[in-house]
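> The structure is given below, and queries will be raised subsequently.
The values are calculated or read from the model by the stated rules, or taken from the named source; none is laboratory data. Predicted model only: the values in this text are computed from it and were never measured. Please note: Cβ atoms are built from the backbone with ideal geometry, for glycine as well, and neighbour counts cover all protein chains shown. Note: areas computed on protein heavy atoms with side chains; ligands, DNA, RNA excluded. Shrake-Rupley method; radii C 1.70, N 1.55, O 1.52, S 1.80 Å.
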Amino acid sequence: MFQVENYSGDRKEGYELVIMQLQALVDGETNQIANLANAAALLNQFLHDVNWVGFYLTEGEGLVLGPFQGLPACVRIPFGKGVCGTAASKRETVLVEDVHLFPGHIACDAASESEIVVPIIKNGALIGVLDIDSPIKNRFDEVDQHYLEQFIATLTRYL
């Protein structure tokens, strides 16, 4: 049974703990949707000052909404469009300090001010992206990027 953990102290230690919790949550489970749902819930519980945490999954020539925590969201995003589509097409993390300055930003939640999107790639194939929004400008930094990329690397082994 999962118990809520109050994360305190060093952010790096917090991220390392949440990655270990992820591994415990998904170990032995082969269902992709279940693992993505638990991963989104875990990050939503861990991260502060966020208003949306979830996944978009590759389908055809774009992304389709997957498991998430937050307000209802855009269902389909073409590759190359918005922050998610850009991260997917470039296959690299995109960190946006102010979404209003990002050309072609797709506003699913009007409260979002900053965003980070991490691609999920397994065996050379794009599975989808992790998308996290915040109602605060400059919410995400290189520490978040580093550990969220590690989080996705851990999760990918179970997808």
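> Counting only protein heavy atoms and using a 1.4 Å probe, what share of the accessible area of the stretch 1-121 belongs to carbon plus sulfur, as a whole percent?
51
> Please give the direction-averaged projected area of the C-alpha convex hull for the chain, in square nanometres with one decimal. Don't jump to the answer; show the numbers that get you there.
Working: hull surface 35.1 nm².
Its Cα hull, projected and averaged over all orientations, spans 8.8 nm².
> Also: Roughly how much of LYS137 is accessible, in Å² to the nearest 10, using a 1.4 Å probe?
That residue has around 90 Å² of solvent-accessible surface.
> Return the single residue from ARG139, ARG91, ARG11 with maximal mean-square fluctuation; model: Gaussian network over the chain, springs between Cα atoms under 10 Å.
Largest GNM mean-square fluctuation: ARG11.
> Rounded to the nearest 20 Debye, what is the dipole magnitude of the chain about its Cα centre when Lys and Arg each give +1 and Asp and Glu each give -1 at the C-beta? Can you show the working numbers first?
Details: 10 positive and 21 negative charges, 93 e Å.
So the dipole magnitude of the chain works out to roughly 440 debye.
> Still on this structure: Set the Förster radius R0 to 30 Å, insert the Cβ-Cβ distance between THR156 and ALA110 as r into 1/(1 + (r/R0)^6), and round the FRET efficiency to 0.05.
Values: r = 32 Å, r/R0 = 1.05.
After rounding to 0.05, the efficiency reads 0.45.
> Tell me the accessible surface of TYR15 in square angstrom (1.4 angstrom probe, heavy atoms of protein chains only), to the nearest ten.
TYR15 exposes around 10 Å² with every protein chain in place.
> For the stretch 138-157 and the stretch 70-96, compute the distance between their C-alpha centroids and round to whole Å.
16
> Once you compute Rg and the Kirkwood Rh from C-alpha atoms, what is the Rg to Rh ratio for the stretch 112-158? List each step's numbers first, then the result.
Working: Rg = 11.6 Å, Rh = 11.3 Å.
So for the stretch 112-158, dividing Rg by the Kirkwood Rh gives 1.03.
> Quick check: with the 1.4 Å probe, what order do ASP144, ASP27, ASP98, ASP10 take by accessible area, largest first? Can you show the working numbers first?
Details: ASP144 0, ASP27 105, ASP98 35, ASP10 75 Å².
Putting ASP144, ASP27, ASP98, ASP10 in descending order of accessible area: ASP27, ASP10, ASP98, ASP144.
> Sorted by accessible area with a 1.4 angstrom probe, largest first, how do LEU71, LEU17 fall?
Working: LEU71 100, LEU17 55 Å².
Highest to lowest solvent-accessible surface, that is LEU71, LEU17.
> Shifting gears a bit: Suppose accessible area is computed on protein heavy atoms with a 1.4 Å probe; arrange PHE140, PHE46, PHE79 from highest to lowest. It would help to have the intermediate numbers written out before the result.
Working: PHE140 10, PHE46 30, PHE79 65 Å².
The most accessible residue leads, giving PHE79, PHE46, PHE140.
> Still on this model: Run the numbers for HIS146 and LYS12: contour at 0.36 nm per residue of separation, minus the present Cα-Cα distance, in nm.
Details: separation 134, 0.36 × 134 = 48.24 nm, distance 0.96 nm.
Answer, rounded to one decimal: 47.3 nm.
> Further question on the same structure: For a quick check, take a GNM of the chain with Cα springs below 10 Å and name the residue from ASN31, ASN138, ASN51 with the largest mean-square fluctuation.
In this elastic network of the chain, the residue with the biggest mean-square fluctuation among ASN31, ASN138, ASN51 is ASN31.
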